[in-house]
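The values are calculated or read from the model by the stated rules, or taken from the named source; none is laboratory data. Remember, it's a predicted structure, so these values are computed and weren't measured experimentally. In this analysis, Cβ positions are derived from the backbone assuming ideal geometry, glycine residues included, and neighbour counts consider all displayed protein chains. The protein model used for the area step is the full one, side chains on, heavy atoms only, and it has no ligands, DNA or RNA in it. Shrake-Rupley method; radii C 1.70, N 1.55, O 1.52, S 1.80 Å.
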Amino acid sequence: MYFEGCPNHGPALQRVRELLKGEGLFAEISEIQISDPASAHEIGFLGSPSVRVNGLDVEPKARTAHEYGKMCRTYVSDAGREGLPFREVIRRALREAESQILSQTP
C-alpha cells in the first residue's frame, strides 16, 4: 500500500518481488494506492509503503498499531531506521504465510 509520489513505493515493490523469487514463491501482488485520509483509516494504512502478506502487516508489532493516515512510514531494527521494510521482516512474513498454507493442505 502506498500513496502517489512515495519515493519508497517502487523500491519496496522491487524488494518484495526479489524476496518472493529468492524464496521460490509465486504470489499475486496487489498495489493499493491510498488517496485520502478517510481511505487510510478505512483500510488501516500505517503509512507508505506498507506491505502485507495474506492481509497481515509484515512487521508483527505493527499488526496492533492504530496510527492510520496518509503519511510516510519508517521501519526500525537494530541496524537503524529505514523507509523500506527490511528484507528479513518480509522474508519472515513470507515464510509464515507459506507455513500456514502448507499446514492447511491435506
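Quick look at the numbers
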quantity	calculated
Pair list, Cβ under 9 Å, 6 or more apart: region 41-70 residue touching a residue at least 40 places away in the same chain (Cβ under 8 Å), other residue open to solvent by 90 Å² or more (accessible area, probe 1.4 Å) and of a type in the set (A, V, I, L, M)	54/101
Complete set of residues in region 75-106 that are part of a helix (DSSP H, G or I), under 14 Å from residue 58 (Cβ atoms) and without any contact (Cβ under 8 Å) to a residue 40 or more places away in the chain	88, 89, 92
Residue that is on the phi > 0 side of the Ramachandran plot and either surrounded by 14 or more Cβ atoms within 10 Å (Cβ to Cβ) or of a type in the set (A, V, I, L, M) (or both), where the choices are 47, 83	47
Scope region 47-82; condition among the basic types (Lys, Arg) and modelled with pLDDT under 95; matching residues	61, 63, 70, 81
Candidates 92, 73 - the one that is under 13 Å from the mean Cα position of the chain (by Cα) and farther than 18 Å from residue 1 by Cα	92
Answer residue from region 6-65, given it is acidic (Asp, Glu) and assigned to a helix (DSSP H, G or I) and is nearest to the chain's Cα centre (by Cα) among those	18
